Amino acid sequence: MNGFARTAFASVLALAPTAAGAAAPACAGHAEILADLARKYRETVTSVAPTVDGFMIELLQSHRADGKPETWSLVKSLPAHDRACLVDAGEGWQDVPAATAPAPLVIDPNAGDPL
């Protein structure tokens, strides 16, 4: 884990109360996590998506002066309970345009064994 990710996890862990001797999840109140990432890394929410199990995934990013991505964090939250957890963090997030994604592999059943 790079230095940024360790620092991001540590900052969120500092927000999470834990029982003595228990492993601390990187979780806290949703607003607390977003405020901490905004304050420490200038990150804001750039993408959101609901999951099939009722959670919300949020991508937060900060950008350099030239507009290129700098840092990113992935947060999974449960909006109904005001809880959120930092899933991962890093630097240099890159969006991939759909046109550059590889085409799906299509196998012709009449062509015989491709192997």
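The values are calculated or read from the model by the stated rules, or taken from the named source; none is laboratory data. The structure presented is a predicted model; accordingly, all values stated were derived computationally and were not measured. When we count neighbours, we look across all protein chains shown, and the Cβ atoms used for this are built from the backbone with ideal geometry, even at glycine.
Just a few scattered comments:
- Of the residues contained in the stretch 68-75, one or more are found to be loosely packed, with under 15 Cβ neighbours inside 10 Å, part of a loop (DSSP other than H, G, I, E, B), at negative phi and more than 13 Å from the chain's Cα centre (by Cα).
- The residue pairs whose first member lies in the stretch 71-96 and is free of Cβ contacts under 8 Å to residues at least 40 places away in the same chain and within 19 Å of residue 27 (Cβ to Cβ), whose second member is outside any strand (DSSP E or B) and of a type in the set (Asp, Glu), and whose beta carbons are closer than 8 Å, counting only pairs six or more residues apart or on different chains, are 72/43.
- Residue within the stretch 82-100 that is in contact with a Gly (Cβ under 9 Å, 6 or more places away or on another chain), at pLDDT 85 or above and not in a strand (DSSP E or B) present: yes
- Comparison of 22, 8 shows that the only residue that is among the hydrophobic types (A, V, I, L, M, F, W, C), modelled with pLDDT under 50 and assigned to a loop (DSSP other than H, G, I, E, B) is 22.
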